[in-house]
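Shown next, in structure tokens, is the structure this report addresses.
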Amino acid sequence: MFVVRGIAVSLTFFVLLYCALSAVVALSWRLASRLRTVSPTDQARLLFWLRVFPLIATIAITLALVIPAYVRLEPRSIEEDIALPITLAFGCVALFALGLFRVVTAQRRAAKVVAEWLKGANDLDAGVAAPTFCTNRGTPPLTLVGVRTPRVVVSEATVALLNRDELRVAVQHEVAHMRSRDNLKKLIFYCAPFLGMTGLERAWQEAAELAADDEAVTCMPEALDLAAALIKLSRLIPVKQTPAFTMALVSVHSSVSERVVHLLAWSDARHKNQSGWMYLVPALLATMLCLAALYEPVLTQTHRITELLVR
């Protein structure tokens, strides 16, 4: 019973903390999205970490505090009513199952669509060192597909419409998504379901597109080429919803006009602007040292909190 009670308490703590942190993030992320003074790259990173913070924080606290506190401080022979923790533990298992179901279902659907796109596809030399394929089986104009082995898929209509420079910088945009592992980030979102996160995920997608534009462009002529490609492709076919775990150059999740304006305002100084995220490292190290120094008192307080779940 000691082990069963420990599992029930841990899962109960997990689901309650995860839901509480997710609710806070769902209600407060708009404050972070208004930070227009930071670069799109930093904004995309901030929104991503906000989205996954409830999951990461809950896992870390459960493994580092809740389980050790229970094992070290909970009496082995005590008899307690654990009906409520057992019930909430099943809710936590259901949350895990929902996340797994979302990932598996979305991955199967995406794999089926992408496999259809790649039938009869040919290698395409776009002047970029990335696996790029040209196909004409109802594909979007230009899309990054796959999580483990990402590839760039380009439609024949896109190849015919764009000139060589426009095609190259457009593929560079998708390579920027590849380097940022944006498809993997979308998969992580599917693993952590919670109502109210749609707006945050959409804001991250918009910032990620602007960030990929910045990463793809190294000079003003390339910025103009990418802006021209966006305008041409937005007029090529109606923009449709793409499958999960894909990143389309032109999609329903980003504003072409906003991205064009952003590209036309390109400057070398903005491109070379250094990220300020490294300044967070000393603060994180200081926090870890404080937690290490206060570990025993924190364990005691954590055990008192978990006791409220069963008494």
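Summary table
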| item | result |
| --- | --- |
| Quarter of Cα convex hull surface for segment 2-307, i.e. mean projection, nm² | 18.0 nm² |
| Kirkwood Rh and Cα Rg combined as Rg/Rh, segment 63-128 | 1.39 |
| Considering only segment 2-307, percent of DSSP beta bridges that pair antiparallel, nearest 5 | 70 percent |
| Fewest-first sequence of 185, 119, 112 by Cβ atoms within 10 Å of each Cβ | 119, 112, 185 |
| From phi via Karplus (6.51, -1.76, 1.60), per-residue ³J(HN,Hα) for segment 47-53 in Hz, x at Gly/Pro | 5, 5, 5, 4, 5, 9, 4 |
| Measure of compaction for segment 1-122 (Cα Rg per 2.2 N^0.38 Å) | 1.48 |
| Sequence-separation-based contact order of the chain, relative, with Cα cut under 8 Å and 6+ spacing, percent | 24 percent |
| Pairwise label distance in nanometres, residue 72 with residue 181, each label 7 Å out on the Cα-Cβ vector | 3.1 nm |
| Phi-based couplings in Hz for segment 121-129 (Karplus 6.51, -1.76, 1.60; Gly and Pro marked x) | 6, 10, 4, 10, 8, 9, x, 10, 7 |
| Exposure proxy ranking, count of Cβ atoms within 10 Å, fewest first, for 133, 13 | 133, 13 |
| Cα gyration tensor shape for segment 162-222, rounded if a/c is under 1.5, else prolate or oblate | prolate |
| Segment 101-112 - phi-based ³J(HN,Hα) in whole Hz, Karplus 6.51/-1.76/1.60, Gly and Pro as x | 5, 4, 5, 5, 5, 5, 5, 5, 5, 5, 4, 5 |
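All of the numbers you see were taken from the coordinates with simple rules; none came from a lab. What you are looking at is a predicted structure, and each value in this text was computed from that prediction instead of being measured. Positions of Cβ are backbone-derived with ideal geometry, glycine not excepted, and every protein chain shown enters the neighbour counts.
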